[in-house]
Amino acid sequence: MNVTSLALKQPVPEVTRAPSRALATSADTLLYLDGVTVSFDGFKALNNLSLVIDRGELRTIIGPNGAGKTTMMDVITGKTKPDTGTVVFGANVDLTKLDETAIANLGIGRKFQKPTVFENLTVFENLELALKGERGMWKTLRALLNGEQRGRIAEVLKTIGLSERPAETAGALSHGQKQWLEIGMLLIQDQQLLLLDEPVAGMTDHETKQTAELILTLAGSRTVVVVEHDMEFVRSLGARVTVLHEGSVLAEGSIDHVQSHPRVIEVYLGR
Ligand SMILES: Nc1ncnc2c1ncn2[C@@H]1O[C@H](COP(=O)(O)OP(=O)(O)OP(=O)(O)O)[C@@H](O)[C@H]1O
Ligand SMILES: [Mg+2]
């Protein structure tokens, strides 16, 4: 479903508050978090986090274990509600007021660290399910695909490098191929913001390189936020890097900037 059709179905909650002055939003801004705090039993997983992502941007997020990277994605996708702060998508949509399904329908897709493909179905069927929406698996698979839908599946198979293996059972794919299939499931839903949590964890060097190529082909036409620990991979993406530490932004800039930042070295890279 695209944003236009959703807008006709239900009113989206709009933000009336302006972002705080320190936040550099502009007409290019697709997503911003402003002063977001999330506490678990008094521990602040996110602590007054503010962040701006532009439309079409590729952004990498790094930081030590427990820095709040996954929690940040949980907040954007509506899995976790912040105690305080604003999360704004698109022109003016307040994501903190929406549930996970409504946020996915707005065009925000997420890939968890562990692939969640249907292992017993084929590559093609996994994409087919993602395309049609999951209204009950067998009912969905019985409904015939039209030519345009077949074309879209073929296009995504090509993008994720699985054109030769549509009939392969997803469970038989390599770990890397499963990750690509899962990215394909986001692409086929035409999500405009993709959140990828540690996409190359557990991949071989070759698969990691191929994943970087894949992500680079996606950026521009979509907005992509990638969380990773693999610094060589992060460098190969050549994107702006945000370093999270203790729930807020410690540093932001080019890979060279953050890799030579004394506090980043102290709390993360030097360890
Ligand atoms: N549901 C939860 N209940 C309690 N504590 C949580 C919950 N989710 C996250 N935390 C805590 O919040 C902190 C931030 O966790 P988060 O998973 O966001 O870190 P991360 O930056 O993704 O780390 P990693 O690099 O290890 O994936 C951690 O201390 C974690 O234990
Ligand atoms: Mg994490």
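Residue-wise test of (1) at pLDDT below 95; (2) farther than 19 Å from G90 by Cα; (3) out of contact with any helix residue (DSSP H, G or I) (no Cβ under 6 Å at 6 or more places or on another chain); (4) among the acidic types (D, E).
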residue	(1), (2), (3), (4)
M185	yes, yes, no, no
T208	no, yes, no, no
E213	no, yes, yes, yes
V225	no, no, yes, no
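Restricting the first member to the stretch 56-73 and to residues that are closer than 16 Å to F43 by Cβ, and the second to residues that are in a loop (DSSP other than H, G, I, E, B) and within 11 Å of ligand 2 (Cβ to nearest atom), the beta-carbon pairs closer than 6 Å and six or more apart or on different chains are K69/G63.
Let's see how each residue does on (1) at pLDDT 95 or above; (2) farther than 21 Å from D190 by Cα:
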position	(1), (2)
L131	no, no
E134	no, no
R142	no, yes
R150	no, no
E164	yes, yes
T169	yes, yes
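Residues S221, S260: which one is farther than 23 Å from G85 by Cβ and free of Cβ contacts under 8 Å to residues at least 40 places away in the same chain? Reasoning before the result, please.
On the way: S221 fails: free of Cβ contacts under 8 Å to residues at least 40 places away in the same chain.
Unique residue meeting the criteria: S260.
Per-residue answers, yes or no, for (1) away from ligand 2 (no atom under 16 Å from the Cβ); (2) of a type outside the set (V, I, T):
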residue	(1), (2)
A154	yes, yes
K158	yes, yes
G161	yes, yes
I188	yes, no
T208	yes, no
A219	yes, yes
V227	no, no
S254	yes, yes
P262	yes, yes
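Any idea which residue in the stretch 173-187 is surrounded by the most Cβ atoms within 10 Å (Cβ to Cβ), counting only those that are out of contact with any Leu (no Cβ under 8 Å at 6 or more places or on another chain) and in a helix (DSSP H, G or I)?
Pass one, the stretch 173-187, residues out of contact with any Leu (no Cβ under 8 Å at 6 or more places or on another chain): 174-176, 178-179, 182.
Checking the rest, the ones that are also in a helix (DSSP H, G or I) come to 175-176, 178-179, 182.
Details: H175: 13, G176: 20, K178: 21, Q179: 27, E182: 24.
The qualifying residue surrounded by the most Cβ atoms within 10 Å (Cβ to Cβ) is Q179.
Residues to consider are I108, I62, I53; find the one that is under 17 Å from the mean Cα position of the chain (by Cα), at pLDDT 95 or above, within 12 Å of ligand 1 (Cβ to nearest atom) and under 26 Å from A251 (Cβ atoms). Lay out the reasoning, then the answer.
On the way: I108 fails: within 12 Å of ligand 1 (Cβ to nearest atom); I53 fails: within 12 Å of ligand 1 (Cβ to nearest atom).
Just one listed residue meets the conditions, I62.
Residues that are away from ligand 1 (no atom under 14 Å from the Cβ), closer than 21 Å to L33 by Cβ and buried (at least 18 other Cβ atoms within 10 Å of the Cβ) within the stretch 241-260 comprise V241, A251, V258, listed in sequence order.
For (1) away from ligand 1 (no atom under 13 Å from the Cβ); (2) modelled with pLDDT under 95; (3) over 18 Å from the mean Cα position of the chain (by Cα), each residue gets a yes or a no:
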{"residue": "T4", "(1), (2), (3)": "yes, yes, yes"}
{"residue": "K9", "(1), (2), (3)": "yes, yes, yes"}
{"residue": "V15", "(1), (2), (3)": "yes, yes, yes"}
{"residue": "L30", "(1), (2), (3)": "yes, no, no"}
{"residue": "F43", "(1), (2), (3)": "no, no, yes"}
{"residue": "K81", "(1), (2), (3)": "no, no, no"}
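Of all the criteria given as (1) out of contact with any His (no Cβ under 8 Å at 6 or more places or on another chain); (2) among the aromatic types (F, W, Y); (3) within 14 Å of ligand 1 (Cβ to nearest atom), the one not satisfied by W180 is (3).
The values are calculated or read from the model by the stated rules, or taken from the named source; none is laboratory data. For clarity, every value in this text was computed on a predicted model and none was experimentally measured. Cβ coordinates were reconstructed from backbone atoms using ideal geometry, including for glycine residues, and neighbour counts include every protein chain displayed.
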